[in-house]
Each structure stands twice: as C-alpha cells, then as structure tokens.
Amino acid sequence: MRQRQIKNTSVSLTELGFGASVIGNLYRVTPSEDATGAVDAAWEAGVRYFDTAPHYGLGLSERRLGAALRDRPRGEYVISSKVGRLLVPNEHPRGADTEGFAVRDDLRRQWDFSRDGVLRSIEASLERTGLDHLDVVYLHDPDDHWRQAADEAMPTLAELRDQGVIGAIGAGMNQSAMLARFLRETAADVVMLAGRYTLLDQSALDDVLPAAEEQGKSVVAVGVFNSGLLSQDRPDEGMKYDYQDAPPTLVARARAIADVCAGHGTTLPAAAIAFPRTHPGIVNVTLGMRDREQVTRNVALHRSTVSESLWDDLRCQGLIR
C-alpha cells in the first residue's frame, strides 16, 4: 500500500489507516477475537498505520491494539495515540462507561494537558500497549483547553520529538478552526481532522487546509463517513450524521451524491474514502474497523477506482465546493 510522508518528519503513513476506537467497544461489545482478526486483516492488506487513544474503551483499545501488534516488526508500522485524558481510578463506579464505550467504569477520564499529564499519559499508553515507543502523539479534543494545550502540552511533545522519542506531534479534533491555530501557532507537525473534509462538509477549506499548505504541514482525515450517512451505497432515513440522526435535507443531499457516483461507476462510500485524498495536504484517511469483514470491505473500497471526472460533476451540480 502506498505511503505518504508527514511533511518535515521521518514518519510515513499508509494512505489507509486503521482506527482502533471500535475495538475499544465503541457503542457495543467487540469480541476480542474480532478485534485481533481486524488487526490481522489490516496487516495482511498492507495497512501499516494504526491509531488509538486512552479514551477509547478506557484503555481497552490500546491494550488490544498493542497485543495484536506486539509480535510484528516494530520498524514496519506506525502507531499513534493521544494525550489529554488521563485514566484514573473511578471513586464512584456505576458499572458501565457513560461516554459511548461498552466497558466497565472502574476508571474515569480526567482532563489534563499539563506537562506532567502529558508525560504520565504517554507512560501509561506504553504500559497498556506493551510497546517501547509511540510514533505519533496527538492532543485529544483540546477544545476547552486551548491555553494549557498550546502552552504546556504541545511544547512538551515538541521536546520529546526533538529528542527523538516521538516521530511527529499534533492534535486531533472534530472542529477545524482550532486545528488551524495549532498548525499556525504551535510546533504541531500534523493534525487529525474529524468529519470536516468530507463529501458533506468541506468547511476545512476555510481554515485548516490552507494553514497546512502555508505552514508545510500535514493532515490526517478521519470521520469521512460523517458517523455513517456516507457509509452505505444508498443512505436511508434514520442514519447518523455527526453522532446525531441525520436531518432529511442531508439525507437527500447524500442520495443525490450517491446518484452521481453511480453514474460514474462507483459508490458513495468509495467516493467518501477517496475524496479527502484529492487535497494535497491530506496524507492519510483512517477508518474505524471492528472485524475482519469490515477491514476487507474498507480496503476494497479504498482500492477501487474513482474517476477524477466525478469531482468535477459534483462541483458542477453544487453538491461539493
């Protein structure tokens, strides 16, 4: 599988990445054998970029991903994790996590973008994964913590990068405006952009993508299905868009895009995966993959041919910018 380099770093990512949030039991239980099978299938397909975070399943994602990768040649893959949410003992557990993961709540998340918090988080991630280093570290959802994230967390990551402990650093968020600030105002090399450069939302054209080009930095695109609305050949009412029920106007627009895709010999999800890579600043698209079947489907979609004329047609019809 082809690789693209995070600009001004030694880190290269396969064009398709493995998002490990779902093997942390996002929304529902994923059996451990399915999680391992998903990582194995991704490896067999040539995927060599794997992304996780402490937040995903209160550490379950990191433990499962680390176990599945532990016997692979360490120099042959890139793994990223995140800082900003420390996992600490939960003094008042109720039996189940309340932030979208089907796991026990013996631990809880504690926001911390301090220098000490960053160092503790990385140490804990290495312990959970069983790996000797992380290749990329992102600040995770620092929306309400700009000052501490920019003044403490990012300089700490930069110090680790400059020492050769980490290969690249950045931030990951569901908004693009603050990511543009991280690219322009901090030492970030790369940002993980969730859902803001897709077939239904190109708002990143106003901020983070120009910033990446101006600063000579890179973008990883995630959430390219916008929580599900772009994941099927023919979108249905009741599908999710940005974690909520999709409004009828967006369902209608997604169906219109699907019709144009069909006229060009492709499908809506194949186009959704291919679209972010049309921008030169985007080096990777990472997809959440729960089991071997999902990996096989996503890899096939990634490898399918999408005609360049599709984008022109969608623009002419006012369906994308």
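The values are calculated or read from the model by the stated rules, or taken from the named source; none is laboratory data. Because the structure is predicted, anything quoted here is derived from the model rather than measured. Note that each Cβ is placed from the backbone with ideal geometry, even for glycine, and that neighbours are counted across all protein chains shown. Please note that ligands, DNA and RNA were not included when accessible areas were found on the heavy atoms of the full protein model with its side chains. Shrake-Rupley method; radii C 1.70, N 1.55, O 1.52, S 1.80 Å.
Does Asp151 qualify as being open to solvent by 40 Å² or more (accessible area, probe 1.4 Å) and more than 26 Å from Ile122 (Cβ to Cβ)?
Details: open to solvent by 40 Å² or more (accessible area, probe 1.4 Å): yes; more than 26 Å from Ile122 (Cβ to Cβ): no.
When the stated conditions are applied, Asp151 does not pass them.
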### Query
Looking at this structure, is Ala212 small (Gly, Ala, Ser) and closer than 24 Å to Gly17 by Cα?
yes
### Single residue of Arg196, Arg181 found to be charged (D, E, K, R), open to solvent by 10 Å² or more (accessible area, probe 1.4 Å) and part of a loop (DSSP other than H, G, I, E, B)
Arg196
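Residue by residue, here is whether (1) hydrophobic (A, V, I, L, M, F, W, C); (2) assigned to a loop (DSSP other than H, G, I, E, B); (3) open to solvent by less than 50 Å² (accessible area, probe 1.4 Å) holds:
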residue: Val118; (1), (2), (3): yes, no, yes
residue: Ile122; (1), (2), (3): yes, no, yes
residue: Glu127; (1), (2), (3): no, no, no
residue: His133; (1), (2), (3): no, yes, no
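Name the helices (runs of 4 or more DSSP H) wholly inside the range 247-321 in which the number of residues that are open to solvent by 60 Å² or more (accessible area, probe 1.4 Å) and either in contact (Cβ under 8 Å) with a residue 60 or more places away in the chain or of a type in the set (Asp, Glu) (or both) is 1 or more. Working first, answer last.
Values: elements: 248-263, 268-274, 292-303, 308-316.
Of the helices (runs of 4 or more DSSP H) lying wholly inside the range 247-321, those with at least 1 residues that are open to solvent by 60 Å² or more (accessible area, probe 1.4 Å) and either in contact (Cβ under 8 Å) with a residue 60 or more places away in the chain or of a type in the set (Asp, Glu) (or both) span 248-263, 292-303, 308-316.
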### Message
Condition check: within 19 Å of Asn226 (Cα to Cα), small (Gly, Ala, Ser) and assigned to a helix (DSSP H, G or I). Does Ala204 satisfy that?
### Response
yes
### Message
Condition first: of a type in the set (Asp, Glu) and not in a loop (DSSP other than H, G, I, E, B). Now tell me which residues in the range 207-246 satisfy that.
### Response
Glu213, Glu214, Asp245
### Task
Restrict the check to the range 12-34 and report whether at least one residue is touching an Asp or Glu at 6+ places or on another chain (Cβ under 6 Å) and open to solvent by 20 Å² or more (accessible area, probe 1.4 Å).
yes
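Checking the conditions here, which among Asp71, Asp105, Asp132, Asp143 is within 30 Å of Glu15 (Cβ to Cβ), among the acidic types (Asp, Glu) and touching a residue at least 40 places away in the same chain (Cβ under 8 Å)? Please lay out each step first, then the result.
Working: Asp71 fails: touching a residue at least 40 places away in the same chain (Cβ under 8 Å); Asp105 fails: within 30 Å of Glu15 (Cβ to Cβ); Asp143 fails: touching a residue at least 40 places away in the same chain (Cβ under 8 Å).
The match here is Asp132.
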#### Entry: Residue among Leu310, Leu250, Leu229 that is of a type outside the set (Gly, Ala, Ser) and touching a Cys at 6+ places or on another chain (Cβ under 8 Å)
Leu310
## Note on the structure
Subset of the range 35-49, residues open to solvent by less than 10 Å² (accessible area, probe 1.4 Å) and out of contact with any helix residue (DSSP H, G or I) (no Cβ under 6 Å at 6 or more places or on another chain), comes to Val47, Tyr49
